[in-house]
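Taken together, the values in this text are just the output of simple stated rules run on the coordinates, not laboratory data. As the structure is a computational prediction, the values presented were derived from the model and not from experiment. Virtual Cβ from ideal backbone geometry, glycine too; neighbours counted across all protein chains shown.
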Amino acid sequence: MPFRSDFLWGGATAANQYEGGVFEGGAGLSTADVMTNGSHTVRRQVTWKKEDGTCGSTPLCFGSPERHLPEGAVPCLIDDEKYYYPSHIASDFYHHWKEDIRLCAEEGFNCLRFSVKWSRLFPDGEEETANEEGVRFYREIFKECRKYGIEPVVTLLHYENPLAFAQKYNGWADRRLVNAYVRYAETCFREFRGLVKYYLTFNEINCIEHAPFVTAALIHGDEQNCASAVFHQFLASSLTVKKAHESYPELKIGMMLAYGPVYAYTADPADQLLVQQAMNQTLFYSDVQMLGRYPDYKLKEYERAGITIPAKDGDFELLRDYPCDFLSFSCYGSHVMTCHEENTEQGEGNGGAQAHMVRNPYLKTNAWGWATDPQCLRITLNTLYDRYHCELFCVENGIGWNDVLEENTVHDDYRIDYMRANIASMKDAVELDGIPLMGYLYWGCVDMVSNGEGEMAKRYGQIYVDADNYGKGSFQRLLKDSYFWYRKCIQSNGEDLD
C-alpha cells in the first residue's frame with residue numbers, strides 16, 4: 001500500500017530558532033533568549049549575573065559537560081557586544097510569516113509544525129491571563145495556514161521555557177511548573193480551537209540528559225534534579241492529555257522523542273549490551289508517555305544511584321491513565337557504539353560526541369559529522385511500532401549544510417540525496433512492513449538558526465534566508481533546488497523520488 005491519501009507532508013520549525021521578534025508584542029524572555037551563538041568549535045553559552053554585579057557565561061548547551069551555573073549566578077541578558085543572542089532575530093519569521101506560509105503552500109505542504117513561545121503568551125509563565133497580543137499573533141498564523149489548506153502541528157514546549165522559571169525555581173525541578181504548563185496548554189486549546197488539531201507536549205523530551213538548561217530550564221542539572229524535572233514533565237503531559245480528552249475531544253496530543261538507531265560496531269556481546277543499554281536510555285521516555293509506567297530497568301537504575309521520584313498520591317495513576325495519543329519523533333541518522341574504541345575514529349552525529357560512540361565506516365558524513373543512513377527511518381519506524389503499536393509521525397528529518405548561494409539559488413544536490421534516501425526508507429516501512437505513519441515533516445524547511453551551534457551557517461532549509469550568523473542581511477527568501485524536488489515528491493504522494 002502507498003502512503004495514505006491524507007498523508008501529512010510538510011516541514012517543521014521552532015520559535016527559538018526561527019521566530020525572532022523577541023522584544024515585540026509584549027513577549028517575555030525565554031531561556032533560549034540568554035543563549036549566545038557558537039560554532040562547530042565554540043560552544044554556546046548561557047549568560048548570567050550575580051548580586052555583586054559579576055557577569056559571565058557558562059556552556060550549559062548541547063555538547064557541553066557543564067551542568068550548573070556558578071553559585072549565586074542568575075541567567076540574564078548582558079549588555080556586552082561580545083555576546084550575540086541569535087534567537088532575538090533568528091529568521092525573522094515574526095515579520096515574514098505570511099510570505100513563509102505562502103512559499104510553503106506553493107511547495108505543496110499540507111502540514112507545518114510550529115512551536116508556541118510560552119513567554120509570548122505568558123511573559124513570566126505564571127500570569128492569570130494570557131498576553132492578548134501574543135495570542136493574536138499565533139491565531140493569525142494558524143488562520144493563514146488554514147487559508148492554504150495547511151494543518152498546523154503545534155509543539156507546546158520546544159527548547160525554551162519562560163526565563164523566570166530558571167531564575168526563580170531552577171526550572172522543572174520545581175513542581176509548580178506543572179500547573180503553570182497545564183494552564184498554558186489549555187489556553188492554547190481554547191484560543192486556537194478550530195484552527196489546531198495536533199499538539200506535541202515536549203520536544204525531544206529525552207534530551208534533558210544532554211542539555212538540562214535547554215530542555216528544562218535547570219541551572220543546577222545534577223541527576224536528581226533531572227529525574228525530578230522529567231517526572232514533572234511526564235505529569236504535565238498526562239494532565240494535558242486529560243484536559244484535552246475531557247474538554248477538547250477533537251484534539252490529538254502526541255509525545256515527541258529524539259530517536260536514531262544505534263548499531264554495535266562489533267559482534268562482541270559487550271557491544272550488543274552497550275547498544276541495548278543506550279536504547280533503553282532513549283526509550284524510557286516513550287515507555288512512560290506511551291505505556292504509562294516507569295520501566296523496571298529505569299527504577300533499578302534510580303535505586304542504584306540513590307535517585308528518588310518526587311511523586312504524590314495519584315501521580316502514577318495519572319501517568320497510567322493518560323498516555324499520549326500518538327508518538328512523534330525526530331530522526332536524522334544513526335549511531336555506532338563500541339567498547340573497542342582504541343582503533344576506531346570517534347563520531348559525533350546528532351547530539352555531539354558521546355562515550356563509546358564511533359564513526360560508521362559504511363556511511364558518508366557532512367562537515368558536522370552527521371551520517372546519511374539510507375535505512376534509518378525504516379529501522380526506526382519498525383522499532384517504535386513493534387514496541388508501542390500506535391500511530392507514528394516523523395516530525396523532524398533533515399540535514400544541515402554550509403550552503404553556497406549562487407545566482408539567487410542553492411544547488412543542494414546533497415540535501416536532495418539525503419531526502420531521497422530517507423523518504424525511500426520511510427516508504428519501505430509503510431509499503432513493505434505495514435507501519436501506520438501519519439506524515440513526514442522535513443526539519444527546517446526555511447533556514448533557521450541551528451540549535452546545537454546557534455549559527456545560521458549550518459542550514460537545513462529548502463528556502464534560503466539571506467542572513468548571517470549575527471543577524472545581518474536582507475532576510476530575503478530564495479528557493480533552493482531541494483524546494484522544487486520536494487514539491488514534485490509531494491505532488492506524487494511520495495511516488496516520484498527521481
### Query
So in the chain, what percent of DSSP beta bridges are antiparallel if you round to the nearest 5?
35 percent
### GluC sites (Glu not before Pro) restricted to DSSP loop in the range 203-270 with at most 14 other C-beta within 10 Å
Glu250
### Task
Kindly rank 389-399, 286-296 from highest to lowest mean number of other beta carbons found within 10 Å of each residue.
389-399, 286-296
### Query
Over the range 81-192, what relative contact order in percent results from Cα pairs under 8 Å that are six or more residues apart?
31 percent
### Task
Could you compute the FRET efficiency for Lys364 and Val74, with r as their C-beta to C-beta distance and R0 at 51 Å, rounded to 0.05?
0.70
### Summary
Note to self, the chain gives a 222 nm [θ] from helices alone (DSSP H runs n ≥ 4, -39500 (n - 2.57) apiece, / all residues, nearest 500) of -10500 deg cm²/dmol
### Message
Students often get this wrong, so try it: which of (i) 32; (ii) 19; (iii) 23 is percent of Cα pairs over 38 Å apart as calculated from the structure shown?
### Response
(ii)
### Task
Using label points projected 7 Å from each Cα along Cα→Cβ, tell me how many nm separate Ala267 and Arg136, to one decimal.
6.9 nm
## Note on the structure
Projecting the Cα atoms of Ser91, Ala32, Leu60 onto the charge dipole of the range 23-93, where Lys and Arg contribute +1 and Asp and Glu -1 at Cβ, the residue farthest towards the positive end is Leu60
## Note on the structure
Sorting Leu441, Met419, Thr380 by the position of each Cα along the dipole of the range 314-447 (Lys, Arg +1; Asp, Glu -1; all at Cβ), the one nearest the positive end of that ordering is Thr380
### Query
Hey, with R₀ at 30 Å, roughly what FRET efficiency would Lys50 and Glu24 work out to, going by the Cβ-Cβ distance, to 0.05?
0.50
### Query
Which whole DSSP H helices in the chain pass both tests: a Cα extent of 30 Å or more along the axis and a mean Kyte-Doolittle value no lower than -1.0?
223-247
### Query
Given 0.36 nm per residue, what is the gain on full extension from Asp433 to Lys143 after removing their alpha carbon distance, in nm?
100.7 nm
### Summary
Lys300 and His95 label points (each 7 Å along its Cα→Cβ direction) are spaced in nm at 5.8 nm
### Query
Where does each of 400-412, 372-384 land if you order them by average Cβ count within 10 Å, highest first?
372-384, 400-412
### Query
Counting other Cβ atoms within 10 Å of each Cβ, which trypsin sites (Lys or Arg not before Pro) in the range 1-101 have at most 12 and sit in a DSSP loop?
Lys82
### Task
Filter the trypsin sites (Lys or Arg not before Pro) in the range 403-498 down to the DSSP loop ones having no more than 12 other Cβ atoms within 10 Å, then list what survives.
Lys472
